[in-house]
Amino acid sequence: VVDPKFTEDKWVTGTQIVPGNRAVVHHCIVFVRPPDGKDYRGLGWIAGYVPGQRSVHMPEGYARKVPAGSQFVFQMHYTPNGIAQEDLTKMGLLLIDEKDVTHEVSTLVAINHDFEIPPHA
(Lines give C-alpha, C1' and ligand atoms only; values in the text may rest on other atoms or scores of the structure.)
Protein backbone atom coordinates (compact mmCIF):
# COMPACT_ATOMS: atom_id res chain seq x y z
CA VAL A 1 0.00 0.00 0.00
CA VAL A 2 1.38 3.39 -1.03
CA ASP A 3 0.07 6.64 0.42
CA PRO A 4 0.79 9.49 -2.03
CA LYS A 5 -0.42 11.95 0.64
CA PHE A 6 -2.72 13.77 -1.81
CA THR A 7 -4.33 16.65 0.08
CA GLU A 8 -6.55 17.53 -2.87
CA ASP A 9 -8.30 15.55 -5.59
CA LYS A 10 -6.06 14.60 -8.52
CA TRP A 11 -7.02 13.92 -12.14
CA VAL A 12 -5.01 11.12 -13.80
CA THR A 13 -4.80 11.00 -17.58
CA GLY A 14 -1.90 8.57 -17.91
CA THR A 15 -0.09 5.84 -15.98
CA GLN A 16 3.09 3.85 -16.26
CA ILE A 17 4.18 0.91 -14.13
CA VAL A 18 7.95 0.47 -13.95
CA PRO A 19 8.92 -2.95 -12.58
CA GLY A 20 11.86 -2.85 -10.22
CA ASN A 21 13.05 -6.38 -11.00
CA ARG A 22 11.99 -7.50 -14.48
CA ALA A 23 13.48 -10.95 -13.87
CA VAL A 24 10.72 -11.85 -11.42
CA VAL A 25 7.82 -9.37 -11.85
CA HIS A 26 5.16 -11.38 -13.69
CA HIS A 27 2.47 -8.70 -13.57
CA CYS A 28 1.08 -5.92 -11.41
CA ILE A 29 -2.36 -4.38 -10.89
CA VAL A 30 -2.80 -1.11 -9.01
CA PHE A 31 -6.05 -0.11 -7.33
CA VAL A 32 -7.14 3.17 -5.75
CA ARG A 33 -8.37 2.69 -2.20
CA PRO A 34 -10.54 5.71 -1.38
CA PRO A 35 -10.26 7.48 1.99
CA ASP A 36 -13.37 5.68 3.30
CA GLY A 37 -11.62 2.35 2.64
CA LYS A 38 -14.63 0.81 0.87
CA ASP A 39 -14.17 -2.04 -1.58
CA TYR A 40 -11.71 -0.91 -4.22
CA ARG A 41 -11.09 -4.02 -6.29
CA GLY A 42 -13.98 -3.72 -8.73
CA LEU A 43 -14.14 0.00 -9.34
CA GLY A 44 -10.72 1.09 -8.15
CA TRP A 45 -8.49 -0.36 -10.86
CA ILE A 46 -6.20 2.39 -12.16
CA ALA A 47 -3.16 0.74 -13.76
CA GLY A 48 -1.68 -2.57 -14.75
CA TYR A 49 1.55 -4.02 -16.06
CA VAL A 50 2.56 -7.11 -17.98
CA PRO A 51 5.98 -7.57 -19.62
CA GLY A 52 6.21 -5.48 -22.76
CA GLN A 53 3.45 -3.06 -21.78
CA ARG A 54 4.12 0.63 -22.22
CA SER A 55 2.59 3.64 -20.56
CA VAL A 56 -1.15 4.29 -20.97
CA HIS A 57 -2.42 7.71 -22.03
CA MET A 58 -6.07 8.70 -22.26
CA PRO A 59 -7.40 10.99 -24.99
CA GLU A 60 -7.21 14.74 -24.38
CA GLY A 61 -9.71 15.85 -21.74
CA TYR A 62 -10.27 12.34 -20.34
CA ALA A 63 -9.13 11.66 -16.78
CA ARG A 64 -9.82 9.55 -13.73
CA LYS A 65 -10.39 11.22 -10.38
CA VAL A 66 -8.27 10.11 -7.42
CA PRO A 67 -9.87 11.62 -4.30
CA ALA A 68 -7.70 13.38 -1.73
CA GLY A 69 -6.60 10.95 0.97
CA SER A 70 -6.69 7.89 -1.31
CA GLN A 71 -4.01 5.21 -1.26
CA PHE A 72 -2.67 2.96 -4.01
CA VAL A 73 -2.77 -0.81 -3.47
CA PHE A 74 -0.22 -2.72 -5.55
CA GLN A 75 -1.19 -6.32 -6.27
CA MET A 76 2.10 -7.93 -7.28
CA HIS A 77 2.54 -11.34 -8.87
CA TYR A 78 6.04 -12.80 -9.15
CA THR A 79 7.68 -15.61 -11.10
CA PRO A 80 9.85 -17.68 -8.74
CA ASN A 81 13.38 -18.45 -9.91
CA GLY A 82 14.79 -20.26 -6.87
CA ILE A 83 16.85 -17.29 -5.67
CA ALA A 84 15.74 -14.69 -3.11
CA GLN A 85 14.91 -11.47 -4.94
CA GLU A 86 14.08 -7.85 -4.15
CA ASP A 87 11.71 -5.57 -6.04
CA LEU A 88 10.80 -1.90 -5.93
CA THR A 89 8.11 -1.50 -8.58
CA LYS A 90 6.97 2.09 -9.16
CA MET A 91 4.02 3.84 -10.78
CA GLY A 92 4.18 7.14 -12.63
CA LEU A 93 1.09 9.33 -13.02
CA LEU A 94 0.34 11.95 -15.65
CA LEU A 95 -1.93 14.55 -14.04
CA ILE A 96 -4.05 17.35 -15.51
CA ASP A 97 -5.92 20.25 -13.94
CA GLU A 98 -9.59 19.69 -13.16
CA LYS A 99 -10.53 22.59 -15.45
CA ASP A 100 -9.09 20.62 -18.40
CA VAL A 101 -11.21 17.50 -17.72
CA THR A 102 -14.06 17.10 -20.21
CA HIS A 103 -14.82 13.41 -19.51
CA GLU A 104 -14.47 11.59 -16.18
CA VAL A 105 -13.24 8.03 -16.66
CA SER A 106 -14.21 5.15 -14.37
CA THR A 107 -13.29 1.49 -14.38
CA LEU A 108 -15.67 -1.44 -14.26
CA VAL A 109 -14.44 -4.99 -13.85
CA ALA A 110 -16.59 -7.90 -14.94
CA ILE A 111 -15.82 -11.00 -12.89
CA ASN A 112 -17.90 -14.13 -12.52
CA HIS A 113 -16.84 -15.56 -9.15
CA ASP A 114 -19.11 -18.59 -9.66
CA PHE A 115 -17.51 -19.72 -12.94
CA GLU A 116 -15.88 -23.10 -12.46
CA ILE A 117 -14.32 -25.59 -14.84
CA PRO A 118 -14.62 -29.09 -13.40
CA PRO A 119 -11.52 -31.31 -13.28
CA HIS A 120 -10.85 -33.28 -16.48
CA ALA A 121 -13.38 -31.21 -18.47
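The values are calculated or read from the model by the stated rules, or taken from the named source; none is laboratory data. A quick note: this is a predicted structure, and the numbers were derived from the prediction, not measured. Backbone-built Cβ (ideal geometry, glycine too); neighbour counts: all protein chains shown.
Data table
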read-out	value
Residue match in region 23-34 (condition: in contact with a Cys (Cβ under 8 Å, 6 or more places away or on another chain), within 29 Å of Glu86 (Cβ to Cβ) and at pLDDT 95 or above)	no
Inter-residue pairs, beta-carbon under 6 Å, first closer than 30 Å to Glu60 by Cβ and in region 81-97, second not in a strand (DSSP E or B), 6+ apart	Thr89/Pro19; Thr89/Gly20
Within region 97-121, considering residues that are within 19 Å of Tyr49 (Cα to Cα) and not β-branched (Val, Ile, Thr), the one surrounded by the fewest Cβ atoms within 10 Å (Cβ to Cβ)	Ala110
For Gly37: the one exception among (1) of a type in the set (Gly, Ala, Ser); (2) surrounded by fewer than 17 Cβ atoms within 10 Å (Cβ to Cβ); (3) modelled with pLDDT under 95; (4) within 14 Å of the chain's Cα centre (by Cα)	(4)
Residue list for region 1-23, restricted to those being assigned to a loop (DSSP other than H, G, I, E, B) and buried (at least 18 other Cβ atoms within 10 Å of the Cβ)	Pro19
Leu94, sole failed condition from (1) surrounded by fewer than 16 Cβ atoms within 10 Å (Cβ to Cβ); (2) under 16 Å from the mean Cα position of the chain (by Cα); (3) within 18 Å of Val25 (Cα to Cα)	(3)
Lone unmet requirement of (1) of a type in the set (Gly, Ala, Ser); (2) within 17 Å of the chain's Cα centre (by Cα); (3) part of a loop (DSSP other than H, G, I, E, B) for Gly82	(2)
Candidates Ala68, Ala110 - the one that is touching a Lys or Arg at 6+ places or on another chain (Cβ under 9 Å), part of a loop (DSSP other than H, G, I, E, B) and aliphatic (A, V, I, L, M)	Ala68
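Residues are listed down the side, and each one gets a yes or a no for (1) touching a residue at least 24 places away in the same chain (Cβ under 8 Å); (2) part of a loop (DSSP other than H, G, I, E, B); (3) closer than 26 Å to Val24 by Cβ; (4) not small (Gly, Ala, Ser):
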| site | (1), (2), (3), (4) |
| --- | --- |
| Ala63 | yes, no, no, no |
| Val73 | yes, no, yes, yes |
| Met76 | yes, no, yes, yes |
| Lys99 | no, no, no, yes |
| His120 | no, yes, no, yes |
